[in-house]
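The values are calculated or read from the model by the stated rules, or taken from the named source; none is laboratory data. The shown structure was predicted, so the numbers you read here are calculated from the model rather than taken from an experiment. A quick note on method: Cβ atoms are made from the backbone with ideal geometry, for glycine too, and the neighbour counts reach across all protein chains shown.
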């Protein structure tokens, strides 16, 4: 058997499937980065913010719990809602397999 036929046979047979290897692709999780005086919000922290907001915590309480500013919490909740309006889901929540990936938070005023 020549090289061409061997390659053709390998392409025809799914070797990975035959040996039980499943290949998955997807977006990589963002863990946040330290930028000197501030740290970016990673996917897990974004999910923590959204989950806490859906549990009924105020932005101030979430900020205190995560040692972040209330403005950062507000920005994350706002970005979550905007993403859902634009594409129908929140990419950060989806990457983390969050339960609120397609539910808007609908920012309301809550007492701290």
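Here is a yes/no grid of residues against (1) within 19 Å of residue 104 (Cα to Cα); (2) under 21 Å from the mean Cα position of the chain (by Cα):
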{"position": "20", "(1), (2)": "no, no"}
{"position": "32", "(1), (2)": "no, yes"}
{"position": "35", "(1), (2)": "no, yes"}
{"position": "51", "(1), (2)": "yes, yes"}
{"position": "58", "(1), (2)": "yes, no"}
{"position": "66", "(1), (2)": "no, yes"}
{"position": "77", "(1), (2)": "yes, yes"}
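In segment 57-67, which residues are within 13 Å of residue 41 (Cβ to Cβ) and in contact with a helix residue (DSSP H, G or I) (Cβ under 8 Å, 6 or more places away or on another chain)?
62, 63, 66 - these are the residues of segment 57-67 that are within 13 Å of residue 41 (Cβ to Cβ) and in contact with a helix residue (DSSP H, G or I) (Cβ under 8 Å, 6 or more places away or on another chain).
Only residues that are surrounded by 16 or more Cβ atoms within 10 Å (Cβ to Cβ) and at pLDDT below 90: list them for segment 29-70, please.
Across segment 29-70, the qualifying residue is only 30.
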